[in-house]
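The values are calculated or read from the model by the stated rules, or taken from the named source; none is laboratory data. Model, not experiment: these values are computed from the prediction. Counting neighbours? That spans all protein chains shown, and the Cβs are built from the backbone with ideal geometry, glycine included. The area values use the complete protein model at the heavy-atom level, side chains included, leaving out ligands, DNA and RNA. Shrake-Rupley method; radii C 1.70, N 1.55, O 1.52, S 1.80 Å.
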Amino acid sequence: MARKNDRYITGLDIGTHKVCAIIAEAMDDRRLNVVGAAHTESKGVRKGVVINLDATVESIKRVIEQAELMAGVEVQQASVSIAGTHIKSVNSRGVIAVSARNRVIEKEDIRRVIDAAKAVSIPPDRQILHVLAQEYVVDDQEGIGDPSGMSGARLEANVHVVTASSTSTQNTISCLHRAGLEVESTVLAQLAAAEACVTQDEKDLGVAVVDIGSGTVDIAIFEKGSLWHTAVLPIGGEHFTNDVAVALRTGVTEAERVKKKHGCALVSLVPEEDMIEVQSVGTKKARIMGRQLLAEVLQARTEEVCQLVLAEIRKSGFDQSLNGGIVLTGGGSMLEGMVEIGEQIFDLPVRLGTPSGITGLVDVVSSPAHATAVGLVLRSHRARLGEGRLLQEMRGTGTFGKLTGRLKDMFSGLF
Ligand SMILES: Nc1ncnc2c1ncn2[C@@H]1O[C@H](COP(=O)(O)OP(=O)(O)OP(=O)(O)O)[C@@H](O)[C@H]1O
Ligand SMILES: [Mg+2]
């Protein structure tokens with residue numbers, strides 16, 4: 001493990017199904033080169049939340065070790081995903097008077113207006129995960145992306161505030177510490193996934209990112225380039241597997257195999273004569289059955305999931321403004337026919353979101369299941385370069401309390 005260098009960025013996605021680590025090298029030409037990647041079964045997580053610290057620490061150690069070996073680098077810190085139904089978010093607004101005599105807006109004014117906007121009442125058992133600027137208003141001029149340097153008397157900021165249960169977040173952070181890692185940043189899982197598989201054009205037009213994981217479906221809705229709505233639904237790929245296990249009278253492991261190998265979410269895509277082999281519970285004896293039977297089970301569940309997502313989008317009030325359509329990602333989106341059903345139900349263009357924006361070991365991390373982990377490294381890279389919209393994250397709270405001085409300065413500034 002020779003190389004030890006600030007050029008390397010690590011993303012750690014702690015999912016319900018798998019724990020995944022990606023190490024990337026930041027190149028001089030701003031490219032992000034993936035040099036190591038590994039994933040392992042996740043044993044201590046339920047519906048995106050760590051419920052068994054020991055098991056999770058073991059999984060983290062294993063993937064980091066494998067990724068380190070591949071990359072030939074020692075990992076000391078990682079950006080980690082935060083997920084689960086405890087995530088809540090609100091849109092908020094803050095207003096301040098511009099302080100300078102000449103009325104030119106400075107970084108300090110932006111910091112103050114963000115502070116004012118994030119002053120929402122948060123129960124003591126919750127903490128702020130992100131404060132994401134949506135747009136600024138200078139005097140009466142709306143829709144400003146970056147007001148620094150502009151002149152005005154009154155500065156207003158609209159922000160999206162994402163909060164999470166303090167205990168859940170702290171448990172995740174503890175797992176990293178116990179695995180010998182420092183936490184570079186804690187990032188909402190679907191925000192990371194969106195970073196990896198949605199274009200800026202789509203975010204400008206209005207897009208919903210739907211990450212179908214194993215335990216949860218995570219939704220993020222962007223419009224005018226910013227995040228406006230986030231939601232987590234307690235349903236995911238494991239429900240599909242359980243349905244298959246019950247319907248085909250087989251075990252969960254075999255149901256998972258059959259689902260991945262032969263599954264299809266749309267019965268009409270499956271030729272009537274297609275047959276599959278399914279092992280019975282407790283015996284090695286295989287049964288032959290029609291693949292359409294499997295598709296019937298999966299179609300019903302896919303329709304249910306899409307209807308739940310549609311209800312959430314309607315509830316958010318953004319159903320009429322998703323001109324960029326829907327991007328499905330996460331391992332669950334890889335089920336054949338998912339996009340077709342999505343198009344029928346959402347009545348919008350639907351595409352599969354595979355990670356992009358990286359070079360190097362692209363083939364290893366190109367599946368939708370890797371979107372969150374890839375997004376974590378992309379986001380950290382952007383933060384280190386000091387790019388992005390204004391954001392203050394958890395200044396002085398748990399995560400950043402553990403950061404080294406240099407990184408702390410970087411993150412408490414602009415993102
Ligand atoms: N080819 C496939 N067809 C159908 N389902 C698949 C396929 N590949 C993976 N899955 C399903 O995707 C799910 C895992 O997705 P993913 O790796 O995104 O989950 P996770 O991030 O660990 O979980 P979560 O985000 O819910 O915490 C599993 O339920 C798995 O069965
Ligand atoms: Mg996930």
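For region 223-282, a residue qualifies if it is within 16 Å of ligand 2 (Cβ to nearest atom), in a helix (DSSP H, G or I) and in contact with a strand residue (DSSP E or B) (Cβ under 7 Å, 6 or more places away or on another chain), and exactly one does: Gly237. Right, Arg30: surrounded by fewer than 19 Cβ atoms within 10 Å (Cβ to Cβ), more than 17 Å from Ala179 (Cα to Cα) and of a type in the set (Lys, Arg) or not? Yes, satisfied. If you check Lys47, Lys43, which single one turns out to be without any contact (Cβ under 8 Å) to a residue 24 or more places away in the chain, out of contact with any strand residue (DSSP E or B) (no Cβ under 8 Å at 6 or more places or on another chain) and farther than 27 Å from Ala383 by Cα? Sole residue among the options that is without any contact (Cβ under 8 Å) to a residue 24 or more places away in the chain, out of contact with any strand residue (DSSP E or B) (no Cβ under 8 Å at 6 or more places or on another chain) and farther than 27 Å from Ala383 by Cα: Lys43. I'd like to know if region 143-157 contains one or more residues that are crowded, with 20+ Cβ neighbours inside 10 Å and under 25 Å from the mean Cα position of the chain (by Cα). Yes.
Let's see how each residue does on (1) over 19 Å from Asp201 (Cβ atoms); (2) not hydrophobic (A, V, I, L, M, F, W, C):
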site	(1), (2)
Asp319	yes, yes
Gly325	no, yes
Thr329	no, yes
Met338	yes, no
Gly342	yes, yes
Val350	no, no
Ser366	yes, yes
Thr372	yes, yes
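To keep it simple, each residue is scored yes or no on (1) aromatic (Phe, Trp, Tyr); (2) within 25 Å of Gly143 (Cβ to Cβ); (3) away from ligand 1 (no atom under 14 Å from the Cβ).
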{"position": "Asn158", "(1), (2), (3)": "no, yes, yes"}
{"position": "Thr169", "(1), (2), (3)": "no, no, yes"}
{"position": "Glu182", "(1), (2), (3)": "no, no, yes"}
{"position": "Glu195", "(1), (2), (3)": "no, yes, yes"}
{"position": "Ile212", "(1), (2), (3)": "no, no, no"}
{"position": "Ile219", "(1), (2), (3)": "no, yes, no"}
{"position": "Lys224", "(1), (2), (3)": "no, yes, yes"}
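Being surrounded by 13 or more Cβ atoms within 10 Å (Cβ to Cβ) and without any contact (Cβ under 8 Å) to a residue 24 or more places away in the chain holds for only one residue in Val258, Val246, Val252, and it is Val252.
For region 176-206, filtering for residues that are in contact with a Gly (Cβ under 6 Å, 6 or more places away or on another chain) and open to solvent by 10 Å² or more (accessible area, probe 1.4 Å) leaves 5.
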